[in-house]
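Please read the structure below before turning to the comments.
The values are calculated or read from the model by the stated rules, or taken from the named source; none is laboratory data. Quick caveat: nothing in here was measured; it's all calculated off a predicted structure. FYI the Cβ positions are ideal-geometry reconstructions off the backbone, even for glycines, and counts take in every protein chain you see.
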Amino acid sequence: MPNYYPKGGRCRACERRLDDCSSLDFSAMPVHRRDGPDVIVICTEFRQTARRPMDRSAQPETPQCPLPNTN
């Protein structure tokens with residue numbers, strides 16, 4: 001009997017990643033790949049999390065190169 005699992009990368013990027021998805025019928029979802037008795041599926045309930053642009057002040061500054069500029 002196969003064991004169905006959602007593709008983990010999508011779970012990490014899903015807005016519902018903290019919800020309990022064990023009640024979803026993974027056996028009815030499209031197959032991503034099979035690995036022995038395990039079947040990795042593409043979750044049809046996936047919802048992309050909203051991406052916020054990174055604040056400019058929060059970005060690390062590029063360090064100065066310690067080598068002399070010979071150009």
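List of remarks:
- Search result, residues across the range 25-71 that are at pLDDT 90 or above and more than 25 Å from Ala13 (Cβ to Cβ): Gly36, Pro37
Here's the yes/no breakdown for (1) out of contact with any strand residue (DSSP E or B) (no Cβ under 7 Å at 6 or more places or on another chain); (2) on the phi > 0 side of the Ramachandran plot; (3) exposed (fewer than 13 other Cβ atoms within 10 Å of the Cβ):
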| site | (1), (2), (3) |
| --- | --- |
| Cys14 | yes, no, no |
| Asp20 | yes, no, yes |
| Ser27 | no, no, yes |
| Pro30 | no, no, yes |
| Arg34 | yes, no, yes |
| Thr44 | yes, no, yes |
| Arg47 | no, no, yes |
| Arg51 | yes, no, yes |
